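Below: the structure, in structure tokens.
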Amino acid sequence: MTDQGHTEISVAMIVARARNGVIGRDGELPWHLADDLALFKAATLGHPIIMGRKTWQSLPRRPLPKRDNIVLTRDGTFSASGAHVFTSMAPALQAAKALARQAGKDRVFLIGGEAIYRVGLDYADQLWITEVDVQLEGDAHFPPFQPDAFEEVHAATYPANDRNDFAFTFRHLKRRPPVDEV
Ligand SMILES: NC(=O)c1ccc[n+]([C@@H]2O[C@H](COP(=O)([O-])OP(=O)(O)OC[C@H]3O[C@@H](n4cnc5c(N)ncnc54)[C@H](OP(=O)(O)O)[C@@H]3O)[C@@H](O)[C@H]2O)c1
């Protein structure tokens, strides 16, 4: 509980990245991983999700159903049917956390792309990272982060098969408390 009597809401980033950090190419995902999409859906359903304007526009079906969709853009005139629009991260996170509380959830998700991961990394206390077992060309990357700042609490590996272009490991990391709090 916070001083205001609120339940603390976690900020989780969820991403699939190649071994060389690539997450996107030409505005799209550079792979098809049906099992990872199912994991993404199971993790995020019912929770507020925050995304960049380009990721919003890349969605084949929008808004993503059964989730409060929040879109970040610097364009104050942008409208996104079925989504909340914000022009900076802090108020977007504040609104997302309020929506999570209303829905009885304790987590919001930052779902990309690169620009949103870059600005979101300092806010994130959880990383849900799909490590895709491939190295490929792309124009969007997950930013480097300090691995020692997080500990892995769960990992599960999935094979390449007719549903997944490549093998991958779905990892759940939690930020370690600062040393002076241990
Ligand atoms: N592998 C994965 O898990 C994953 C997940 C999501 C996306 N992706 C991929 O990532 C790529 C897109 O990434 P991206 O970096 O090009 O685009 P993005 O992060 O989806 O969107 C960038 C846009 O968000 C807005 N924005 C960014 N920072 C902001 C801030 N601090 N305040 C207000 N608005 C802000 C700006 O919109 P305006 O230009 O409108 O101002 C900016 O152009 C695509 O290839 C996509 O498929 C991969």
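Throughout, read-outs are computed from the coordinates displayed, never taken from laboratory work. All values derive from a computational prediction rather than experimental measurement. With ideal geometry, Cβ positions are generated from the backbone for all residues, glycine too; neighbour counts draw on all protein chains shown.
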key: Max mean-square fluctuation residue, GNM over the chain, Cα-Cα springs under 10 Å, options GLN126, GLN94, GLN146   = GLN146
message = At 7 Å along Cα-to-Cβ for each site, give me the label-to-label distance between TYR123 and LEU59 in nm.
response = 1.7
task = Would you pull out the residues with amide H under 5 Å of ALA140's amide H, same chain only if 5 or more places away, H placed 1.01 Å from N?
result = ILE23, GLY24
request  = Hey, can you grab everything whose amide H is under 5 Å from the amide H of ARG176? Only 5+ residues off in sequence or another chain; H modelled, so Pro and N-termini drop out.
outcome  = PHE150, GLU151
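Starting from the Cα coordinates of region 104-170, work out the convex hull volume and express it per residue in Å³.
Values: hull volume 9.1 nm³, N = 67.
Per-residue hull volume (Cα only) is 137 Å³.
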request  = Calculate, in nm to one decimal, what SER88 and ARG163 gain on full extension: separation in residues at 0.36 nm each, minus their alpha carbon distance.
outcome  = 23.3 nm
task = Grab the alpha carbons of the chain, take their convex hull, and tell me the volume per residue in Å³.
result = 128
query = Given springs between every Cα pair under 10 Å in a Gaussian network model of the chain, which of THR44, THR130, THR157 has the largest fluctuation?
reply = THR157
remark   = Ranked by GNM mean-square fluctuation in the chain (Cα springs under 10 Å), the top entry among ALA96, ALA80, ALA18 is ALA80
Residue-wise HN-Hα coupling along region 26-36, computed from phi with Karplus coefficients 6.51, -1.76, 1.60 (Hz; x: Gly, Pro) = 6, x, 10, 6, x, 7, 10, 10, 4, 5, 6
remark   = Once Lys and Arg are counted +1 and Asp and Glu -1 for all other residues with Cβ under 13 Å from that of LEU37, the total becomes 0
